[in-house]
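Input: a single structure, listed below in structure tokens.
The values are calculated or read from the model by the stated rules, or taken from the named source; none is laboratory data. The structure presented is a predicted model; accordingly, all values stated were derived computationally and were not measured. Neighbour counts run over all protein chains shown; Cβ positions are idealised from the backbone, glycine included. What goes into the accessible areas is simple: the full protein's heavy atoms, side chains included, and nothing from ligands, DNA or RNA. Shrake-Rupley method; radii C 1.70, N 1.55, O 1.52, S 1.80 Å.
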Amino acid sequence: MLLVPVEGKATAASSHQVVKSVSKAHKKVSVHKGAWALRGRNGWRRRVSPRHRWPSFDYYMSQQRKADAEQARLKAEAQERERERLQAPVLADTLGAVHSATTPDKVLDKRSELPPSLKSQHFFGNWGGAQPWLAYHGVQLMVSVNEEFAGNITGGRQRASTITGQVGLELHIDWSKLAGIHHLKTHTIVVNGHGQNVSGLFGDTYAATQEIYGARGNVIAHLVAMYAETSWFHDRLNINAGWMPVGSFFAASPLFCDFMNVAICGNPAPNKYTNGNRDWPSGNLGAVARVMPTSDTYIMGGLFAVSPHAYTGGISGWSWAQDGLGKFSTPVEIGWIPSFGKHHLVGHYKIGYSYDNSRQVNLFKDIYGGSWQASGQPRRYQAGMNSAWLIMDQMLWRHGPGDTNGLILMAGAMYTDGQTVAMHDHTWAGLVDSGKLWGRPLDTMGIMWQHFDISSTAVRQQEASLALGQPFQPTRWGAVPGVQSHENVYEFFYSIHVARAMAFQPDFQYIQRPSATTVYHDAAVLGAQLSVSL
């Protein structure tokens, strides 16, 4: 082996001869200031002391130890991430008390590559190690807080502003991990609501600007859901049974609750206001079965008990054995989840139908077909109510790996039998995008237009009230200030990722024809939402 000084003159041979000899020996000369250096075929570097001019392996061994320690550290981190990945429940398979604006994108996307770590799902991280331990034993616990402020700066019956909010508790158990009972999970969600709805104060009943308000009752703990889930054949067959909101399974999208307006959040109106198709936080006793013939298609059907009461399960949601049960709603939905192009632009397309076989009161007719107000005869009841929906969203431009990481176009329509429900149909269109383009990938922004039509049957009844000088009859949405026709809502929001699992969302809504009448001037509403998963 020839030793070549990096600095100074060669003593044993010319540099040309040295390079030639080293090349023959399959060695490569490497220059290193103030030292001697040789790189062997195996890739490691020897340092040669310029003082002793003899290879010293101390430096090499110290560097090798550092490299081994770094490799061990990276391996341990990879194992920790993999352990959290396997332990972390994917919240997209649950109802979720916290809306998508506060939840990591991959939590919402069932088809994402990897679920998020437990730490990213909670503001307080993994709770000092408690969350990974619970998840390892099949228990997922989440506490969420949602507070919303809104006030109309112009229009409506009067100027008003309110704060409303909710504290939610979720408990999801995987019994295969906890007790060795395979193919079984249970889900429980309980909420506490407080505050007042500003829309009712300024005169709008159909499109409340604060989605977190309503249907919770003045109780400490309102039951939203308590049901069991089983999956077979690699989730090709999924069955849920128990107490659960119909609207959280049918005609649902995690994108809807990016918006604050309750007419779209969670599940679109008017179907969710009917007794057989209640949406979150109201539940129904029932069962849902979903079959996936292919990886991107599904067929889902349900059977739910219909309660004739204003509050299904009572005002607290815990009274499952209410009187008057015995009729059923049967929703069915077919869905397609395609992925287009090399960027995998994901879409969700679904069409559904629901039939409620309970008796419903006709809004206008008496038993003979005339106006019940004019004749004084008993009102007509009819068996059966139909609902249908068509919903789509399609990513147009991808910014990241998840199903919602990009510019998404969303649109849809929902129809309900207008003889028994005042709101006949609801159509909407909107855009949602992240802040990736301006360096805020965890922010979300969106814009939406919604349109509501009041049924001709309801309008005839209101015209009869006006002609007879009688008070307008309230609908299931609330008081009616005048003869109704249609209403439009325009909304824009920007959700700011403040901290881990926390978002602050300024929101603007413009309500055209509040309560679908011209009695009140158009209202402009400013609001803000703070959501956090603890």
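What to note about this one:
- Test for W372: is it of a type in the set (A, V, I, L, M, F, W, C) and within 27 Å of L468 (Cβ to Cβ): yes
- Residue check for N357: out of contact with any helix residue (DSSP H, G or I) (no Cβ under 6 Å at 6 or more places or on another chain), closer than 24 Å to A252 by Cα and among the polar types (S, T, N, Q): yes
- Highlighted here are the strands (runs of 3 or more DSSP E) found entirely within the range 303-417 that include at least 3 residues which are open to solvent by 50 Å² or more (accessible area, probe 1.4 Å): 327-336, 345-366, 379-398.
- Residues in the range 433-460 that are in contact with a helix residue (DSSP H, G or I) (Cβ under 7 Å, 6 or more places away or on another chain) and modelled with pLDDT of 95 or more: G446, F452, I454.
- Enumeration of residues in the range 437-463 that are touching a His at 6+ places or on another chain (Cβ under 6 Å) and closer than 18 Å to T416 by Cα: F452, D453, S455
- Note on the range 487-496: residues that are open to solvent by 60 Å² or more (accessible area, probe 1.4 Å) and either of a type in the set (K, R) or under 19 Å from Y520 (Cβ atoms) (or both) amount to 1.
- Residue match in the range 268-276 (condition: under 27 Å from D174 (Cα atoms) and either in contact (Cβ under 8 Å) with a residue 24 or more places away in the chain or open to solvent by 10 Å² or more (accessible area, probe 1.4 Å) (or both)): no
- Of the criteria (1) touching a strand residue (DSSP E or B) at 6+ places or on another chain (Cβ under 6 Å); (2) without any contact (Cβ under 8 Å) to a residue 24 or more places away in the chain, which one I351 fails: (2)
- Flag if A467 is at pLDDT below 95 and open to solvent by 60 Å² or more (accessible area, probe 1.4 Å): yes
- Some residue of the range 172-190 being under 30 Å from D522 (Cα atoms) and either out of contact with any Ser or Thr (no Cβ under 7 Å at 6 or more places or on another chain) or not polar (S, T, N, Q) (or both): no
- Of the helices (runs of 4 or more DSSP H) lying entirely inside the range 130-232, those carrying at least 2 residues that are over 30 Å from S485 (Cα atoms) and open to solvent by 10 Å² or more (accessible area, probe 1.4 Å) are 130-136, 175-178.
- Against the test of being surrounded by fewer than 15 Cβ atoms within 10 Å (Cβ to Cβ) and at pLDDT below 80, the options A78, A88, A97, A67 yield a single qualifying residue, A78.
- Of the residues making up the range 360-397, those that are of a type outside the set (D, E) and farther than 25 Å from E463 by Cβ number 12.
- The range 418-445, subset of a type in the set (G, A, S) and assigned to a strand (DSSP E or B), residue surrounded by the fewest Cβ atoms within 10 Å (Cβ to Cβ): A429
- In the set S231, S248, S253, only one residue is polar (S, T, N, Q) and more than 30 Å from F493 (Cα to Cα); that residue is S231.
- Criterion violated by G482 - all others in (1) within 22 Å of A160 (Cβ to Cβ); (2) surrounded by 20 or more Cβ atoms within 10 Å (Cβ to Cβ) satisfied: (2)
- Exactly one residue out of S515, S533 is touching a strand residue (DSSP E or B) at 6+ places or on another chain (Cβ under 6 Å) and buried (at least 19 other Cβ atoms within 10 Å of the Cβ): that is S533.
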